[in-house]
1. Give me the residue from region 1-37 that is at pLDDT below 80 and among the aliphatic types (A, V, I, L, M) and, out of that set, nearest to F69 (Cα to Cα).
2. Just one of E97, E90, E104, E67 is modelled with pLDDT under 65 and within 21 Å of L10 (Cα to Cα); which is it?
Amino acid sequence: MLLEPIYTNLFRQALELFLKGFFAKESPSSDYATVFNRKLSAQWESFKSVTNDPELSDFDDVVIALEKFKEMQTATGILEAGMSISLQLEQTAAPREMKYLDLEKLDRLVLTILEKARVPASVYFEYLDSRLKDSLPNGFTSG
């Protein structure tokens, strides 16, 4: 059970890096790592503001869900908050009383960030095994 927070925290950290990458490309002279101090919600709000795209609010629930997992970075956080996690690879109704992360929506969010940064997603999949590429959602490795 203690291993489960690892992947959610890795997702959160990866999303933070994608957002910081966007800001680094848009404004290379700024030190966004210091400015945002690893606060995903601050990065997300700035990203929505800079891109001025109202449709990005559709991803707010993904960011909120990832922020909730931050409290589980340590065993102490898990013991204090308690934990029950369900990881689903397809979109379904969220289980009652559980923390839920929609991986399909997280994938779409990452693709949206790359699109806004004008970075082709294909760069990340150049050396990926073809069997794994075939298992990814349509269009995920293109662009």
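1. Result: I6.
2. That would be E90, the only listed residue that is modelled with pLDDT under 65 and within 21 Å of L10 (Cα to Cα).
The values are calculated or read from the model by the stated rules, or taken from the named source; none is laboratory data. Treat the numbers as computed from the prediction; the structure is a model and nothing was measured.
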